[in-house]
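Visitor: For reference, the structure I am asking about is given below.
Every number here is computed from the coordinates shown, using simple stated rules; none is lab data. Small disclaimer: the values here were computed from a predicted structure and weren't measured. Note that each Cβ is placed from the backbone with ideal geometry, even for glycine, and that neighbours are counted across all protein chains shown.
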Amino acid sequence: MSVTLLIVVGLLALSGLVTLLLAARSVIARVAASILALGCAAFCAFGFLASFEPSDSPNWPWKVGYGVLGIGALVAAALVLRKGVRVR
């Protein structure tokens, strides 16, 4: 992994954490956090489908990893969006 990619991924992760922490305070932060989580879920869906390509090494760890991360991102997006809806 190159240093540039590591810096970009680190900054994205840091901005995602800050957005999730601020999501309780602002509607804009809540929407930004849900968009970030849905983008992560879309990336995981693409990675999950790409792990079905034939290769010499076993692909099941990638399938499990992408599946767990994708479902987690969908749950996080749903929780962040649901937190803003108050039913009385």
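Visitor: Would you please give the FRET efficiency between L81 and I7, computed as 1/(1 + (r/R0)^6) with r the Cβ-Cβ distance and R0 = 25 Å, to the nearest 0.05?
Guide: That gives a FRET efficiency of 0.25.
Visitor: Tell me, what is the FRET efficiency for L21 and D56 to the nearest 0.05, using R0 = 35 angstrom and their Cβ-Cβ distance as r? Mind showing how you got there, number by number?
Guide: Details: r = 42 Å, r/R0 = 1.21.
Approximately 0.25, to the nearest 0.05.
Visitor: So what are the three principal axis dimensions of region 3-84 from its Cα atoms, in whole Å, longest to shortest?
Guide: So the three principal-axis extents are 49, 31, 14 Å.
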